[in-house]
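Visitor: For reference, the structure I am asking about is given below.
The values are calculated or read from the model by the stated rules, or taken from the named source; none is laboratory data. What you see is a predicted model; the values in this text were computed from it and never measured. Here the Cβ is made from the backbone with ideal geometry for all residues, glycine too, and neighbour counts use every protein chain on show. Protein only, heavy atoms only, side chains kept; ligands, DNA and RNA dropped before computing areas. Shrake-Rupley method; radii C 1.70, N 1.55, O 1.52, S 1.80 Å.
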Amino acid sequence: MYEIISQYLEYLEMEKGLSPNTIDAYRRDLYSFAESVNDINSVDRNNINNFIRSLKEKKLAPTSVIRKVASLRGFFKWTTAMNILEKNPASTLEQPKVPQKLPKVISLKEIDEILHSELSPLQSVIIELLYSCGLRVSELVNLKLNDIDLASKYVRCFGKGSKERIIPVGKKAIEVLKKYLPERDLLVKKYNLNTKRLLINNLGRLINRQDVYNLIHQQGKMINKNISPHTLRHSFATHLLENGADLRVVQELLGHSDVSTTQLYTHISKKRLKEVYFSINKS
């Protein structure tokens, strides 16, 4: 079964263009199922039900269970399409509903406080691009020099499924980029680097996902909140909608394939409007 899983993962990479992180997640999910199966041809609905039950008994987060179920459905659909299996054992398996949880956001005042703290040019670029462009961490760390056009004021990134999107860059982001780029040039010369990647630290090392998480976590401490890079992306979307941006425009900027994903942010806006309304009427 592991050999067939490897073929499926290769298909996801070559044909579907999924990111390495997504493929790793599929690999973990499918390998954990394969541990309980001797032969792929013997897999039936009972095997799958028992696997899902074991996940719940281990008290995995609902989102983790949902992802593993999705992995199984995709895998067995592919095995049937490739005639590896005659019958899809997951054909009647329903995808559990994701519990609707409002994303965590921070206020404009808190964003402003972070941006006006003592930040290096590199740190300013990271925070500005996460917030003012709504980038995912993976999109940010993979940016290259030619993805930034200061004259036309846009950034190009590649999201899930390697889908390209063009995002306008604001005045403040342009300013911090202009301060950072000369520093980057000096680092490239100093360490004799051969890279087009945008983000490089003072030791000549490429910025990775963990570096970004650590920076944002530290900035969150300053405003007494536990935040992540995705919090800035959520805040970007919420603030746009609160200021009258069209839902479809925000969908395009975020790179959501389905507008229903973006609609979640409208619930945040309504929730905050109610909070403001009742706080005013209490005073």
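Visitor: Hey, can you find the accessible area per residue of the chain for me, probe 1.4 Å, expressed in square angstrom?
Guide: On a per-residue basis, the chain sits at 59 Å².
Visitor: Can you give the charge dipole size of the stretch 5-91 about its Cα centre, rounded to the nearest 20 debye, using +1 on the beta carbon of Lys and Arg and -1 on the beta carbon of Asp and Glu?
Guide: Here the size comes out at about 480 debye.
Visitor: Could you tell me the distance between the Cα centroids of the stretch 104-142 and the stretch 18-83, to the nearest Å?
Guide: 36 Å
Visitor: By a straight-distance test (C-alpha under 16 Å), which aspartates and glutamates pair with Lys87 as possible cross-link partners, with residues fewer than eight away in the same chain excluded?
Guide: Once the sequence-local aspartates and glutamates are set aside, what remains near Lys87 is Asp39, Asp44.
Visitor: For Leu186, what accessible area in Å² do you get when you roll a 1.4 Å probe over the heavy atoms of the protein chains, rounding to the nearest 10?
Guide: Its accessible surface works out to 120 Å², give or take rounding.
Visitor: Pop out the carbon and sulfur fraction of the accessible area of the chain as a percent, whole number, probe 1.4 Å.
Guide: Its accessible area is 51 percent carbon and sulfur atoms.
Visitor: So, one more: Quick one: grab the alpha carbon gyration tensor of the chain, order the square roots of its eigenvalues as a ≥ b ≥ c, and give me rounded if a/c is under 1.5, else prolate or oblate depending on whether a/b is larger than b/c.
Guide: Oblate.
Visitor: Which translational diffusion coefficient, to the nearest whole µm²/s, is obtained for the stretch 1-71 from the Stokes-Einstein equation, given a Kirkwood hydrodynamic radius over C-alpha pairs, 37 °C and 0.692 mPa s?
Guide: Approximately 255 µm²/s, per Stokes-Einstein.
Visitor: Return the single residue from Leu254, Leu193, Leu18 with maximal mean-square fluctuation; model: Gaussian network over the chain, springs between Cα atoms under 10 Å.
Guide: The residue that fluctuates most here is Leu193.
Visitor: Another one. If the cut-off is 17 Å between C-alpha atoms, which lysines fall inside it for Lys104, apart from same-chain ones fewer than 8 positions away?
Guide: Once the sequence-local lysines are set aside, what remains near Lys104 is Lys221, Lys225, Lys270, Lys271, Lys274.
Visitor: Take the alpha carbon gyration tensor of the stretch 123-218, find the square roots of its eigenvalues, order them as a ≥ b ≥ c, and report rounded if a/c is under 1.5; if not, report prolate when a/b exceeds b/c, else oblate.
Guide: It is rounded, given that a/c, with a ≥ b ≥ c, falls under 1.5.
Visitor: Assuming R0 = 22 Å, what is the FRET efficiency of Asp246 and Glu94, from their Cβ-Cβ distance, to the nearest 0.05?
Guide: Efficiency at R0 = 22 Å is approximately 0.05.
Visitor: Sticking with this structure for a sec: So, in nm, how far is label Asn38 from label Asp258 when the simple model puts each one 7 Å beyond its Cα toward the Cβ?
Guide: Using points 7 Å along Cα→Cβ, the separation is 3.8 nm.
Visitor: Modelled label-to-label distance, Lys58 and Glu3, 7 Å Cα→beta-carbon offset: nm?
Guide: Modelled inter-label distance: 2.6 nm.
Visitor: Which FRET efficiency value, to the nearest 0.05, is calculated for Ser152 and Lys77 with the Förster distance at 35 angstrom and r the Cβ-Cβ distance?
Guide: Once the sixth-power term is evaluated, E becomes 0.25.
Visitor: Exactly which trypsin sites (Lys or Arg not before Pro) in the stretch 112-190 are in a DSSP loop and have at most 11 other Cβ atoms within 10 Å?
Guide: Answer in residue order: Lys163.
Visitor: With runs of 4+ DSSP H residues as the only contributors, calculate the mean residue ellipticity of the chain at 222 nm using -39,500 (n - 2.57) per run, divided by the residue total and rounded to the nearest 500.
Guide: -19000 deg cm²/dmol
Visitor: Is the stretch 62-151 best put as rounded, prolate or oblate by its Cα gyration tensor, with a ≥ b ≥ c the root eigenvalues, rounded for a/c under 1.5, and otherwise prolate when a/b is larger than b/c, oblate when not?
Guide: Cα axes put the stretch 62-151 in the oblate bin.
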